[in-house]
1. Taking 35 Å as R0, compute the FRET efficiency from the Cβ-Cβ separation of Arg498 and Val134 and round it to 0.05.
2. For the peptides 276-286, 102-112, 243-253, what is the packing order when you average, over each peptide's residues, the other Cβ atoms within 10 Å and list the highest mean first?
3. Rank Ser212, Thr336, Leu228 by how far each Cα sits towards the positive end of the charge dipole of segment 210-340 (+1 on Lys, Arg Cβ; -1 on Asp, Glu Cβ) and give me just the farthest.
4. For segment 354-362, what does the Karplus curve 6.51 cos²θ - 1.76 cosθ + 1.60, with θ = phi - 60°, yield as ³J(HN,Hα) per residue in whole Hz, taken in order and with x for Gly and Pro?
5. Rg/Rh for segment 290-354 to two decimals, with Rh computed the Kirkwood way over all alpha-carbon pairs.
6. Provide the per residue accessible area, probe 1.4 Å, for segment 155-297, rounded to a whole number of square angstrom.
7. Quick one: which residues, 5 or more positions from Phe441 or on another chain, have an amide H under 5 Å from its amide H? H modelled 1.01 Å from N in the peptide plane, none for Pro or chain starts.
8. As an exercise, use a Förster radius of 30 Å and the Cβ-Cβ distance of Phe264 and Cys316 to find the FRET efficiency, rounded to the nearest 0.05.
Amino acid sequence: MLEKILDERLVRRRGMTYGSFGDDLKRGGEELLSLQSLVPVASRTQSTRSCQANNEIDFDVVHEENEGEMVDAEEVAPPSENGEVQTVKAGGGLKSWITDFMNLLKAFIGLNFMYISFAMSKAGLVRGVVGITVIAWLTYISCIMLVKVKNALPKEVRAANKHLTYGDVARITSGPRAELVVNGALILTQFGYCTGYLIFLAHTTHDMVQSSWPNWGFVLVPLPLLVLIAQLRSVRSLGPFSAFANLSLLVGFVAVVVYISMNFEFQPTSPPISAFPIFFGQVTAALEGIGLVLPVEASMSDPKYFDRVLALALSCLTFVLMTVGVLGFVTFGEDTKSIILMNMQGSGIITGIKIVLCLGILFTYPLQLVPVVQSLEGWVAGGPPIAAHVIAHEIGQAGIEIDQEIEREQEEAEDEENMAAVANPDEDPIPTEHTGRRTLFANQWYQVLCRFLVVMATALVAMFAGKSFGLFQSLIGSLGAAFLAYTGPAYLHWHMFRNEMGPLGKLRDFFIFVIGIVGSVVGTTVTLMEMFRADDGGASAP
């Protein structure tokens, strides 16, 4: 009976749209939960239970399933026509390691190095270095826990589709409410990052032209172009924009390091401990990439090495952030701006670099907007207000590459259905979302309207809440990213393994869960107080 349900609900993914796949996955997850006795916890390996009993997170054993299930360094393909689970031998070697490393690094890359110096100015030199290290460690542990929960699901669920998302795992593990909360937080943070992009563009443009016009006025400048780009229908058509954004980030990073090195001074300040929650929110936002961890891990050539590749990627990112943060903070001291570019003046080259970065951010905006737009369009079309199967997007190409793969599969399925319809004209065609000729831009009235409204909503928030880019990033980090990065994984891990963990394992999950909750509440409160103080005329970094 279990195999029949999985075959009917999960395996037949070809020809499905985003919404139809998400609905089928949810229904399959509910039926799996009701039939959980058919897949008992005891079916997990003895090595996994031993690891959990010792309260350790040993990722290698997660991929060592019972004999006849999953084999190390193998990728599970969709079941064949006779229902057998197929495995495809994965590649290996240095090239695979580099590819997997870059994919994971792109999941965390973003504008984080632009505001990390401002974050350091809210913590101080010693507290800042220790804080970045601890938050990076918590991020690593939480990512490992989330992947471990996914790999503890029945193998049929994982075999049905390798694109299981954070929200999918939350639903199958803990029910529909968990999925609703996770996907809601993902959409909130994506909306916040889009708004942050507009604030970044407005502040940087205002700084370049030295206008008497207020900062919020510059939010209006890119809106016509953003409304147009947001109408691009296909995620695949946004690929070149993401590649250009990656290049612009690299140029910006090199420019920041060179400028600080040439103008280095040692003048750090000692901020009050009361400002530390702002640092927590900013660094959490800087290191938040957990929404892409599951899809990226599933696409790896050797998933059993995920923990090592993740450790390397996070170590490199932490080193970069710490280097830029410390150098920028000790050089500019209490004058450190919320965007480090605004501390860089006096050169036509610097102005050119700012223009390149602004263009990169401008054309990356639609990528971050994809989950928000998909959710609103689905709601208007009669679906739930928060979409299922949400794939987060970062400024790097990790999220867009996953969506591009799904789009290709959908289009191949549509082509097959069209050919079948031509061959069998008497049969009723199977309706799909993208019937007819594919267009470059959205061509349904509700799609055009939804995209316009989302762009205008981000602009309004940027105008009213964007006096400080750094404070707004801290708000998004505390309000949404802290839950996604710490609270969610700790809860799901506890929910999945609570009957098998020892006291230390439960204490670890509880500790990370509490950090997420307390950090979110305190960070949001302190950041909002600072934002209101800045609006009332108090001192605040621009």
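1. Details: r = 25 Å, r/R0 = 0.72.
FRET efficiency, Arg498 to Val134: 0.90.
2. Most protected by this proxy first, the peptides run 276-286, 102-112, 243-253.
3. Positive-end residue among those listed: Leu228.
4. 4, 5, 4, 5, 4, 5, x, 5, 4
5. Working: Rg = 17.7 Å, Rh = 14.9 Å.
Radius of gyration over Kirkwood radius for segment 290-354 works out to 1.19.
6. Numbers: 4980 Å² over 143 residues.
Per-residue accessible area for segment 155-297 comes out at 35 Å².
7. Excluding prolines and chain starts, which carry no amide H, the hits are Arg233.
8. Numbers: r = 23 Å, r/R0 = 0.75.
With R0 = 30 Å, the Cβ-Cβ based efficiency is 0.85.
The values are calculated or read from the model by the stated rules, or taken from the named source; none is laboratory data. Just so it is clear, the model here is predicted, and its values are computed rather than measured. Note that each Cβ is placed from the backbone with ideal geometry, even for glycine, and that neighbours are counted across all protein chains shown. The accessibility values were calculated without ligands, DNA or RNA, using every heavy atom of the protein model including side chains. Shrake-Rupley method; radii C 1.70, N 1.55, O 1.52, S 1.80 Å.
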